[in-house]
1. Loop only by DSSP, 10 or fewer other Cβ within 10 Å of the Cβ. Give me the trypsin sites (Lys or Arg not before Pro) in region 284-340 that pass, ordered by residue number.
2. Please arrange Thr48, Thr386 by how many other C-beta atoms lie within 10 Å of their C-beta, fewest to most.
3. Taking region 275-349, which GluC sites (Glu not before Pro) meet the DSSP loop condition and have no more than 13 other C-beta atoms within 10 Å?
4. If each DSSP helix of 4+ residues adds -39,500 (n - 2.57) and the sum is divided by the residues in the chain, what number results at 222 nm, nearest 500 deg cm²/dmol?
5. Quick one, which of (i) 60, 54, 41; (ii) 71, 57, 47; (iii) 93, 51, 41 is the actual Cα extents along the principal axes in Å calculated for this model?
6. With label points built 7 Å along Cα→Cβ from the Cα atoms of Tyr166 and Phe317, find their separation and express it in nm.
7. Measuring from label point to label point, each 7 Å out along Cα→Cβ, what is the Phe222 to Ser335 span in nm?
8. Go ahead and run the numbers for FRET between Asp368 and Asp207, Cβ-Cβ distance against an R0 of 30 Å, rounding to 0.05.
Amino acid sequence: MQIRSALISVYSKDGLEPIIRRLYELGVQLFSTGGTQTYIQKLGIPVTPVESLTGYPSILDGRVKTLHPAVFGGLLARREPEHLNQLQEYNIPEIDCVIVDLYPFEETVAATNNPEEIIEKIDIGGVSLIRAAAKNWKDVVVVASKDEYKLFFDLLNDQQGEFSAYNRREFARRAFKVSSNYDIAIFNWFNEGTADISFKYSIHRSDILRYGENPHQNGVFFGDFEKVFDKLNGKAISYNNLVDIDAAVQLMREFQLGKPAFAILKHTNACGVARRHTVLEAWQAALACDTTSAFGGIFITNTKVDLATAQEINKLFYEVLIAPDFEPDALALLSKKEQRILLKIKSFDVAKRSFRSLLNGVVEQDTDLKTETEADLKTVTERAPTPKEVGELLFAIKCCKHLKSNAIALIKERQLIGMGCGQPSRVDALKQAIAKAKS
């Protein structure tokens, strides 16, 4: 199918100019509205206002521009005699291509709490154009997002305006992905705070992992890893790395305030946790908890890693090191081993909900963001604990919370000295913790 006409109505103009110019070079008739029409005119490219098709100006502060049979007839008409005769009867031109970029609804929700501003960023005409063009993919090419501009431009150049059935269907698939994501975001905004319990989520980004938990399992990560971390060094992150990294971040969230803390995790369980006056002392105390299990572990701290600490860490094999920052010479030293994963953690919003798939379904709950304080403790002994003992207990609670049940954490001087976890019996968990403390 050769593109002969295109309707363009976009929010983001970034990357649009070369597309406009190439379409013009190929002799494609351009239709447009509002700001996009003005943009095209400033490029010196001829463009036909949609109003000349509909006979109506843009009305209601721009809320209605393209919603008209003269537009949607040209999009939805199949290229067969009956439909083409109707187009001719009503003087409706065929539209072979639609390029749309929707109002940034999710970005607006993230930027403001003003419901009026948010409502105005719910795109109606754009979504309608996307769905109509995608439905009629056998005869229409639809570009539904600025993220598709480059792919469209490359194909436009390579194929001189000719788009195969495969290309058209692929763009339609992507278009319905865009429109469905958009609708889910709008629903979730309206649904927040209501009694309606619905499981509707849409995550735009995904990364194919080397494999899942085991090599015979496929794995995909859905989410924006770069919103949480800057990856400074290392190999591709695996499924198991991600699970451990998440556990490490959740644990260290308990120690964001106060003195330097260091934690060492293995298979999501903390095998070393300590808090000290310096990051080096915290590392040394955390490692002393269990020097054997630390091998190949996930390391995390709440403090910038300096050279002295890096030199000590560098003596041990590990998978991942996470810190809020690294001194330049420390980073240079740690980066010498190419496979080591070094992550600089950013400030980010912790997810309010957590999920788990089971029994062909999903369970959802509030994320456990509770951090126990002295006010949560109840003294049941004849002697009240000293302030130091209370501090030790709160430290122990933080550690034990992030061990697999049944779990026991033994603490001394803000250091995990023994842990037992994943045991059917609490007695066995305690025995394991005592054995660790003695070793």
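Where a number appears in this text, it was derived from the coordinates with a stated rule and is not lab data. Predicted, not measured: the structure shown is a model, and the values here were computed from it. Reconstructed Cβ throughout: ideal geometry from the backbone, glycine too, with neighbour counts over all protein chains shown.
1. Filter output for region 284-340: Lys315, Lys336.
2. Least to most surrounded, the residues fall as Thr386, Thr48.
3. Here the sparse-neighbourhood loop sites are Glu338.
4. So the calculated ellipticity at 222 nm is -11500 deg cm²/dmol.
5. Answer by label: (iii).
6. Here the modelled spin labels are 4.4 nm apart.
7. Rounded to a tenth, the inter-label distance reads 3.4 nm.
8. Result of the calculation: an efficiency of 0.70.
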